[in-house]
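*Asks:* Here's a structure for you.
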Amino acid sequence: MISVLREQVKANSMDIPYRHTDKIKINQQIKDLTATAAERIDVAIMIVPHKPGKAVWERLPHGQLLKSRWQQLQRRNRDSDCLVTDLPNKAGTRVMLLAVKPDNDSFSSLTRARKLVTDVSKQDPGTVGLQLAGFKPPHDGHLRDKLIAALLAAACPMPDYKSKPGTVARLKRINVYGCAEIADLSALQAENTGNHLARWLSALPPNELTPGTYQAFVSTLAKQEGWKMQFLDRKALQRKKAGAFLAVCQGSPTADAGIVQLRYRPPNSRRRKLALVGKGICFDTGGVNIKPAKYMNGMHEDMQGSAVALGTLLALTRLQVDFPIDCWLALAENHVGSRAYKPNDVITACNGTSIEVKHTDAEGRMVLADTLALASRDKPAVMIDYATLTGACIYSLSSRYSGVFSNRDTLHTALINAGRDSGERVWPFPLDEDFDEALKSDIADTLQCTLEGDADHILAARFLQRFVDENIDWIHVDLAASHHKGGLGHIPTDTTGFGVRYTLNLLQQQALLDNTWN
């Protein structure tokens, strides 16, 4: 009881910084930025076409001066696309003038936005002006959204335990000029809030974010956001015969592991239900098959699947979507110890499937097996799970893409399109039945994995599919892109929170819940 109270105190003492960018005001004006208005901003970002004409320069404050300096830059280096200069006003307003080529894909545009905003952030501005000139709808809106997304992502504070912590970004206001229409940016802001939560949780050190503190934090968040919450602890999971999950956590010295279920219910909704499932291994030693130091380092981020599921739920809640959502978080640690599960153990999951353990470092698919089976019992129409599951997926795609799998081949086009459109790129892998031949066991219904490692990302997905009701449209996201050195797309941190933006596009632009994929 005392240890539980300590966990709750630690969780309640953790800051909840995802509200930081909620306070940044975004003002939109159809009119252009004037020289007078430029006096009141710290940095002006000006976006123009690759070859700006006379009409474009006339729309910019001090346009003739900027044109002259741009031409000087082009004479020195014709490949340069960004002019950095100061306006001749009392404020000495810093200008970042970027010339963009037509038809850039979303990922390239987001990447360029991140690099530009990195330079903007060095000025630590309180107010940023964003002027677009020379673009027609919807291109102007796309550029606006990507720059704002990068500005918000860069302003998000991350965990900092230094004796002299860094300063939080001063950004308080973004003024947008020159778009053809005023846009609803609520989805953009909700996505940033969800992504920030996912990144922040994933970056917490493992002595701060344990299954116990995680569960207590989620409980506090659920009260704030109006979600109903149920926590299935070890005893509850024993009653449900969730042997796969319990095998992983049996070596933990603290009995704090369990499965969180969160429920979002809009009033009077008759829409089909969505289930989000996330792997939440707060630290992964590899268990008895212990990881070497190089591969154990960074394993506090092995819970990023759960953080993405939670961040996605938060974003959808902020958008007040009209469909019900269940969010399941499998929270545990994979420890080494005398009670830890072992290779060749045979355990039984809650759906009755017996599993022969081959490698204790394949614990993610074990905790997800019972979580997916329990989530299936509530009969969602669509279920998406997120997990930092296999090195094989990283070997196949690098950390630039994530892998996706589905029990519906007809979903593949929508899955790819969501990645291209959102800039969080994915690629689908096959899920044919004959892969099950590699998972045949002499004494159980299935092997947990193989020791050869061939196509382990595919075998892991085939294993997980055993625990999903065949009537549910299921998508498995293997988060190869959860950590990318230097950031990815518009995200400036190594920890990317990949999946929140992707899922919002899948639900909204690709109409995931509105279609039948059988």
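*Asks:* Tell me, yes or no, whether segment 222-232 has at least one residue that is in the same structural domain as residue 358 (by TED's automatic domain parsing), of a type in the set (Lys, Arg) and in contact (Cβ under 8 Å) with a residue 24 or more places away in the chain. Don't jump to the end; show me each part of the working.
*Replies:* Let us first name the residues in segment 222-232 that are in the same structural domain as residue 358 (by TED's automatic domain parsing), namely 222-232.
Cutting the leftovers down to of a type in the set (Lys, Arg) gives us 223, 228.
Remaining after also requiring in contact (Cβ under 8 Å) with a residue 24 or more places away in the chain: 228.
Yes, segment 222-232 contains a residue that is in the same structural domain as residue 358 (by TED's automatic domain parsing), of a type in the set (Lys, Arg) and in contact (Cβ under 8 Å) with a residue 24 or more places away in the chain.
*Asks:* Follow-up. Looking at (1) touching a residue at least 60 places away in the same chain (Cβ under 8 Å); (2) part of a loop (DSSP other than H, G, I, E, B); (3) within 26 Å of the chain's Cα centre (by Cα), find the lone condition where residue 103 falls short.
*Replies:* (1)
*Asks:* If residue 267 passes every condition in (1) at pLDDT 95 or above; (2) surrounded by fewer than 24 Cβ atoms within 10 Å (Cβ to Cβ) but one, which one does it miss?
*Replies:* The failed condition is (1).
*Asks:* Taking segment 206-230 on its own, how many of its residues are out of contact with any Leu (no Cβ under 9 Å at 6 or more places or on another chain) and surrounded by fewer than 21 Cβ atoms within 10 Å (Cβ to Cβ)?
*Replies:* So the count comes out to 8.
*Asks:* Consider segment 58-117. How many of its residues are touching a His at 6+ places or on another chain (Cβ under 8 Å), of a type in the set (Asp, Glu) and at pLDDT 95 or above?
*Replies:* Qualifying residue count for the region: 0.
Each row is one residue, and each column tells you yes or no for (1) of a type outside the set (A, V, I, L, M); (2) within 20 Å of residue 474 (Cβ to Cβ); (3) without any contact (Cβ under 8 Å) to a residue 12 or more places away in the chain.
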site: 364; (1), (2), (3): yes, yes, no
site: 394; (1), (2), (3): no, no, no
site: 420; (1), (2), (3): yes, no, no
site: 429; (1), (2), (3): yes, yes, no
site: 434; (1), (2), (3): yes, yes, yes
site: 447; (1), (2), (3): no, no, no
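*Asks:* Right, something else. Go through 195, 104 for me and flag whichever is surrounded by fewer than 24 Cβ atoms within 10 Å (Cβ to Cβ) and not acidic (Asp, Glu).
*Replies:* It is 104.
*Asks:* Can you list residue pairs whose Cβ atoms sit under 6 Å apart, with the first residue in segment 238-255 being free of Cβ contacts under 8 Å to residues at least 24 places away in the same chain and not assigned by TED's automatic domain parsing to the domain that holds residue 370 and the second being in a loop (DSSP other than H, G, I, E, B) and surrounded by fewer than 20 Cβ atoms within 10 Å (Cβ to Cβ)? Count only pairs 6 or more apart in sequence or on different chains.
*Replies:* none
*Asks:* Whether any residue in segment 303-321 is touching a Leu at 6+ places or on another chain (Cβ under 7 Å), closer than 20 Å to residue 386 by Cβ, modelled with pLDDT of 95 or more and in a loop (DSSP other than H, G, I, E, B) is what I want to check.
*Replies:* Scanning segment 303-321, I find no residue that is touching a Leu at 6+ places or on another chain (Cβ under 7 Å), closer than 20 Å to residue 386 by Cβ, modelled with pLDDT of 95 or more and in a loop (DSSP other than H, G, I, E, B), so the answer is no.
*Asks:* Pick from 130, 147, 171, 152: which is hydrophobic (A, V, I, L, M, F, W, C) and part of a loop (DSSP other than H, G, I, E, B)?
*Replies:* 171
*Asks:* Among the residues of segment 160-178 satisfying the criterion of being in contact (Cβ under 8 Å) with a residue 40 or more places away in the chain and surrounded by fewer than 22 Cβ atoms within 10 Å (Cβ to Cβ), which is farthest from residue 132 (Cα to Cα)? Steps first, answer last, please.
*Replies:* To start, the set of residues in segment 160-178 that are in contact (Cβ under 8 Å) with a residue 40 or more places away in the chain comprises 161, 167-178.
Going one step further and asking which of them are surrounded by fewer than 22 Cβ atoms within 10 Å (Cβ to Cβ), we end up with 161, 167-170, 172-173, 175.
On the way: 161: 39, 167: 30, 168: 28, 169: 24, 170: 23, 172: 20, 173: 17, 175: 11 Å.
Per the criteria, the residue is 161.
*Asks:* Return the total of residues in segment 60-71 being in contact with a strand residue (DSSP E or B) (Cβ under 9 Å, 6 or more places away or on another chain), in a helix (DSSP H, G or I) and not hydrophobic (A, V, I, L, M, F, W, C).
*Replies:* Looking only at that region, the number is 1.
*Asks:* Show me the strands (runs of 3 or more DSSP E) entirely contained within segment 341-454 in which 3 or more residues are under 25 Å from residue 282 (Cα atoms) and modelled with pLDDT of 95 or more.
*Replies:* Output list reads 346-348, 382-387, 402-406.
*Asks:* What number of residues in segment 26-58 are assigned to a loop (DSSP other than H, G, I, E, B), closer than 21 Å to residue 148 by Cα and touching a residue at least 60 places away in the same chain (Cβ under 8 Å)?
*Replies:* Matching residues across segment 26-58 total 7.
*Asks:* Could you pull out the residue among 62, 139 that is closer than 27 Å to residue 418 by Cα, free of Cβ contacts under 8 Å to residues at least 40 places away in the same chain and buried (at least 16 other Cβ atoms within 10 Å of the Cβ)?
*Replies:* Numbers: 62 fails: closer than 27 Å to residue 418 by Cα.
Every option except 139 fails the conditions.
*Asks:* Working only within segment 178-233, note down all residues that are touching a Pro at 6+ places or on another chain (Cβ under 8 Å) and in a helix (DSSP H, G or I).
*Replies:* Listed by number, the residues that qualify are 196, 200, 203.
For (1) touching a residue at least 12 places away in the same chain (Cβ under 8 Å); (2) not charged (D, E, K, R), each residue gets a yes or a no:
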residue: 74; (1), (2): no, yes
residue: 79; (1), (2): no, no
residue: 84; (1), (2): yes, yes
residue: 118; (1), (2): yes, yes
residue: 127; (1), (2): yes, yes
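*Asks:* Residues that are over 28 Å from residue 290 (Cβ atoms), assigned by TED's automatic domain parsing to the domain that holds residue 260, touching a strand residue (DSSP E or B) at 6+ places or on another chain (Cβ under 9 Å) and surrounded by 24 or more Cβ atoms within 10 Å (Cβ to Cβ): does segment 431-449 have at least one?
*Replies:* No - not one qualifying residue is present in segment 431-449.
*Asks:* Does any residue of segment 400-409 turn out to be more than 26 Å from residue 326 (Cβ to Cβ) and either assigned by TED's automatic domain parsing to the domain that holds residue 284 or under 18 Å from the mean Cα position of the chain (by Cα) (or both)?
*Replies:* Step one: filter segment 400-409 for residues more than 26 Å from residue 326 (Cβ to Cβ), giving 400-401.
Still in the list and also either assigned by TED's automatic domain parsing to the domain that holds residue 284 or under 18 Å from the mean Cα position of the chain (by Cα) (or both): 400-401.
Yes, there is a match, as at least one residue in segment 400-409 is more than 26 Å from residue 326 (Cβ to Cβ) and either assigned by TED's automatic domain parsing to the domain that holds residue 284 or under 18 Å from the mean Cα position of the chain (by Cα) (or both).
*Asks:* Here is a follow-up. Being within 19 Å of residue 389 (Cβ to Cβ), among the aromatic types (Phe, Trp, Tyr) and part of a loop (DSSP other than H, G, I, E, B): is that true of residue 295 here?
*Replies:* For residue 295, the condition - within 19 Å of residue 389 (Cβ to Cβ), among the aromatic types (Phe, Trp, Tyr) and part of a loop (DSSP other than H, G, I, E, B) - is not met.
*Asks:* Out of 489, 403, 499, I need the residue that is closer than 22 Å to residue 311 by Cβ, crowded, with 21+ Cβ neighbours inside 10 Å and in contact with a Lys or Arg (Cβ under 8 Å, 6 or more places away or on another chain). Which one?
*Replies:* 489
The values are calculated or read from the model by the stated rules, or taken from the named source; none is laboratory data. None of the values given here were measured: they were computed from a predicted structure. Every residue, glycine among them, receives a Cβ derived from its backbone with ideal geometry; neighbour counts consider all protein chains shown.
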